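Peer 1: To start, I am sharing the structure in question, which I have written as structure tokens.
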Amino acid sequence: MRLPVVLKTKWFWYSVLSVFGMGGWTLLAKLGTAEISAQTMQFLYPFGWVPVALTCLWVRRFRLEKSVRGILYGVAIGVLGGIGGLAFFAACRTGGSTSAIAAATGMYPLITVVLAVLILREKLTRLHILGLVFAGAAFVLFSF
Amino acid sequence: MNIPAWFAPAIVVLVCWGIAGLLQKLSTNHLSAETALVWLMVGFFLLDPWLYPQESILTYSSRSLIFALLSSLLNALGGWALLAAMKHGGKASIVVPFTALYPLVTVCLAPFLLHESITLQQGAGVACALIAVALLST
């Protein structure tokens, strides 16, 4: 039996690893927030990244690429990720339905898709678009 | 029209995380996934002065602190894998929605680890997520 081509690509398996990493994050974060406030969790958040960053540095033999543009993009991801995290907690503090907030904010990949198509000129097949519809439905259903 | 109070911050989340997804691809066009992760962490630390907790961290139990740090460690691992997926040819328009399906893992493991029950809607969400993964991977 032939394996689908995607199973031979590295990006697919890295994506699967990412799904498990992020899934584990939410489970442990749930246990942590039982006692720790959201703001303190966000404060502690970068410290958990230090061991992984040190491992990355070690893998790169402490020689990082010096692309200014790449560095600016990297720092911007961190800043935007942090601001987004703070805004998420702020939304939760308004007393609104957590399910509705989670469902609404879970749609962020759709912004990325639109930007990737417009700016990066990435092309999507009809099956991809159908996949995005199912992903959107999953985000909403997970929130209940 | 009565717009709920959570709507404005939710839009901030959508915009910030949506743009971050695009920048993840752009950064790995110039940097390795490992280098991008290091600078991403620097970006997180830039916000920390505004988040400095009013209470001492030592007031929390070591168990909770370990959970907090382990959770972000797993998040970092997931973040690195996402950047590596993009570095290895994954499109931002596919990898970001794909990896955003991580609640699939949460919903499946929560009954065993957190003793939470799965609702019918969440079960349907798992089915939708699996179909989405299959379609996005074509």
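The values are calculated or read from the model by the stated rules, or taken from the named source; none is laboratory data. Here the structure is a predicted model, which means the values were calculated and not measured. Heads up, the Cβs are rebuilt from the backbone with ideal geometry, glycines too, and the neighbour counts pull from every protein chain shown.
Peer 1: Restricting attention to the stretch A:6-25, and to residues there that are more than 17 Å from B:V96 (Cβ to Cβ) and modelled with pLDDT under 90, which single residue is nearest to the other protein chains (Cβ to nearest Cβ)?
Peer 2: For the stretch A:6-25, the residue satisfying everything is A:L7.
Here is a yes/no grid of residues against (1) in contact (Cβ under 8 Å) with a residue 24 or more places away in the chain; (2) assigned by TED's automatic domain parsing to the domain that holds A:F88; (3) outside any helix (DSSP H, G or I):
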| site | (1), (2), (3) |
| --- | --- |
| A:V6 | no, no, no |
| A:W13 | no, no, no |
| A:S18 | no, no, no |
| A:M22 | no, no, no |
| A:K30 | no, no, no |
| A:M41 | no, yes, no |
| A:W58 | no, yes, no |
| A:K66 | no, yes, yes |
| A:R69 | no, yes, no |
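Peer 1: If you take the residues of the stretch A:105-144 that are in a loop (DSSP other than H, G, I, E, B) and aliphatic (A, V, I, L, M), which of them is farthest from B:L136 (Cα to Cα)?
Peer 2: Residue satisfying both the conditions and the ranking: A:L120.
Peer 1: Taking the options B:L70, B:L109, name whichever one is in a helix (DSSP H, G or I), free of Cβ contacts under 8 Å to residues at least 12 places away in the same chain, within 7 Å of chain A (Cβ to nearest Cβ) and buried (at least 17 other Cβ atoms within 10 Å of the Cβ).
Peer 2: Values: B:L109 fails: buried (at least 17 other Cβ atoms within 10 Å of the Cβ).
That would be B:L70, the only listed residue that is in a helix (DSSP H, G or I), free of Cβ contacts under 8 Å to residues at least 12 places away in the same chain, within 7 Å of chain A (Cβ to nearest Cβ) and buried (at least 17 other Cβ atoms within 10 Å of the Cβ).
Peer 1: Being crowded, with 24+ Cβ neighbours inside 10 Å, of a type outside the set (V, I, T) and assigned to a loop (DSSP other than H, G, I, E, B) is the requirement here; does B:L101 meet it?
Peer 2: Yes: the conditions hold for B:L101.
Peer 1: Could you tell me how many of the residues in the stretch B:18-62 are part of a helix (DSSP H, G or I) and of a type outside the set (A, V, I, L, M, F, W, C)? Outline the logic, then answer.
Peer 2: From the stretch B:18-62, those part of a helix (DSSP H, G or I) are B:18-30, B:33-51, B:57-59, B:62; that's our starting set.
Next, only the ones that are of a type outside the set (A, V, I, L, M, F, W, C) stay: B:18, B:21, B:24-25, B:27-30, B:34-35, B:43, B:48-49, B:59, B:62.
Total satisfying the criteria: 15.
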